[in-house]
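Have a look at the structure below before the remarks.
None of the figures in this text is laboratory data; all of them are computed from the coordinates on show. For clarity, every value in this text was computed on a predicted model and none was experimentally measured. For neighbour counting, all protein chains shown are included, and Cβ atoms are generated from backbone atoms with ideal geometry for every residue, glycine included.
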Amino acid sequence: MNILILGSGGREHAFALKLSQSPKVTQLFVAPGNAGTNEIATNLSIDPLDFSAVKSAVLACNIRMVLVGPEAPLVAGIHDYFLKDPQLEEIPVIGPNQAGAQLEGSKDFSKKFMLKYGIPTAQYQTFTKENLAGGYAFLESLKAPYVLKADGLAAGKGVLILEDLDTAKSELKEMLTNEKFGTASSKVVIEEFLAGIELSVFVLTDGVHYKILPSAKDYKRIGEGDTGLNTGGMGAISPVPFANQTFIDKVEDRVIIPTIKGLQVEGIDYRGFIFIGLMNVNNDPYVIEYNVRMGDPETEVVIPRIDADLVDLFDGVANQNLDEKSFVVNPKTAATVMLVSGGYPEEYEKGKQISGLESETESILFHAGTSSRDGKVVTSGGRVMAVTSFGDDFEAALKASYKTIQNLHFEKMYYRKDLGFDLKG
Ligand code: AMP
Ligand code: GLY
């Protein structure tokens, strides 16, 4: 079977590598892909949001399954586009339809959903510019720090955490009346701050059955000690040492089961991944957010730990018999360290040649912002490459990745050297 992966990051390279190992795959395509996916699959120069270009490629390349990496095409309705087209309707799309994608596409929707189905989350209220005074009053009723979330997709930048009430009020006004995050902030969710340690749990579902995938923890801030600006993710570890079976059982009972049931009650036929961002508050899980896809760089540690034919699992999603499928999880810990362009997540330069890629290593190099130029691999994005290694514990896994990184270089390369600092002891 020919398969198309939509996206271009380390997540898509990790999926491509796993899928390329399946005996069920004839040809693998990635759109648009990167220099890494180009080595194991065929890159197609297509924007995943250009659905008619995706359709032409699917028909021209005889593609029989589509895996959607990022959220934007899902929120824009790519799954529905396939279902409505007689030439595409039989081709399974791994990723929810537009109704399901609202779990990530609208914070207000996801908060209402959690409240309706009794899923533990921070208390909240939603405001529009017509009710700015109500927003101020709600902020006054909360304790610092204040959490403001743009309702819509804002490229991971739509959440503000503010220490001071006056700043929170002025930022709320900026979001609502001056569209600080464009139309994404025409509605704003204000919520209670949850103090704890974050982790993520991933679920694959066919809409009825589900499989819980390994947990992971990512490091979002650019600076060591979790300081500075938020990024897409600077590294990740799987499993999360404190997410023991008792904790995961609580997540299953309190979050996963009511989420799957809630989707069914809402009439949402959800086929794909659910990424549950959690806060562990005194050993109780609270949902911070849902994403309707796998995480990046979490995929680069979760997927390598899964010993299965991924196509078989995706067939289970498509045919709604995921309960008949199984996989084994590698008990070792996987860690990934993201190499980024100097300056990221603000301005950075591109086109820097990456050296050392041919060095002997036990790590797996997942390309993210890379492209090929004159037979060389050059940087083409902020997050450039995720270096994944296995170990008996997270410290051993990280040590192996840091060792591999000693051989890799590009001008102004930066990475965090302190991953796992919060998990020690
Ligand atoms: P989100 O986009 O909803 O994941 O929010 C981005 C980040 O803000 C999360 O990864 C958390 O670190 C933080 N955050 C979001 N909501 C809360 C909350 N209610 N309490 C504490 N931190 C939060
Ligand atoms: N690493 C966080 C995300 O993929 O949203």
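Would you check which residues across segment 169-215 are hydroxyl-bearing (Ser, Thr, Tyr) and within 12 Å of ligand 1 (Cβ to nearest atom) and list them? Give the derivation first.
Within segment 169-215, the subset hydroxyl-bearing (Ser, Thr, Tyr) is 170, 177, 183, 185-186, 200, 205, 210, 215.
If the condition is that a residue be hydroxyl-bearing (Ser, Thr, Tyr) and within 12 Å of ligand 1 (Cβ to nearest atom), then Ser200 is the only one that fits.
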Practice item. Only residues in segment 140-165 that are free of Cβ contacts under 8 Å to residues at least 60 places away in the same chain and among the aromatic types (Phe, Trp, Tyr) count as the first member; pair them with residues that are away from ligand 2 (no atom under 15 Å from the Cβ) and in a strand (DSSP E or B), Cβ under 9 angstrom, at least 6 apart or cross-chain, and list the lot. Key: Tyr146/Leu160; Tyr146/Ile161; Tyr146/Leu162; Tyr146/Ile190; Tyr146/Glu191
Practice item. Hey, can you tell me all the residues within segment 82-96 that are touching a strand residue (DSSP E or B) at 6+ places or on another chain (Cβ under 9 Å), touching a residue at least 24 places away in the same chain (Cβ under 8 Å) and not hydrophobic (A, V, I, L, M, F, W, C)? Key: Pro92, Gly95, Pro96
Check your understanding: Among the residues of segment 155-167, which ones are surrounded by 13 or more Cβ atoms within 10 Å (Cβ to Cβ), within 13 Å of ligand 1 (Cβ to nearest atom) and of a type in the set (A, V, I, L, M, F, W, C)?
Key -> Val159, Leu160, Ile161, Leu162
Point to revise | Members of segment 207-261 found to be part of a strand (DSSP E or B) and free of Cβ contacts under 8 Å to residues at least 12 places away in the same chain, listed by number | key: Thr227, Gly228
Check your understanding: Hey, any hits in segment 74-96 for a residue that's closer than 30 Å to Gly351 by Cβ and either of a type in the set (Phe, Trp, Tyr) or within 16 Å of ligand 1 (Cβ to nearest atom) (or both)?
Key -> no
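Restricting attention to segment 166-189, and to residues there that are touching a residue at least 40 places away in the same chain (Cβ under 8 Å) and assigned to a helix (DSSP H, G or I), which single residue is farthest from Thr227 (Cα to Cα)? Outline the logic, then answer.
Looking only at segment 166-189, we keep the residues that are touching a residue at least 40 places away in the same chain (Cβ under 8 Å), and these are 172-173, 176-177, 186-189.
Subsequent filtering for residues that are assigned to a helix (DSSP H, G or I) retains 172-173, 176-177.
Working: Leu172: 23, Lys173: 26, Leu176: 27, Thr177: 29 Å.
In this case the residue turns out to be Thr177.
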Practice item. Residue by residue through segment 74-108, note down the ones that are out of contact with any Phe, Trp or Tyr (no Cβ under 8 Å at 6 or more places or on another chain), buried (at least 18 other Cβ atoms within 10 Å of the Cβ) and either β-branched (Val, Ile, Thr) or assigned to a loop (DSSP other than H, G, I, E, B) (or both). Key: Val75, Ser106
Exercise for review: Can you tell me which residue among Asp166, Asp206, Asp218, Asp151 is under 24 Å from Glu346 (Cβ atoms) and either in contact with a Cys (Cβ under 8 Å, 6 or more places away or on another chain) or of a type in the set (Asp, Glu) (or both)?
Suggested key: Asp218
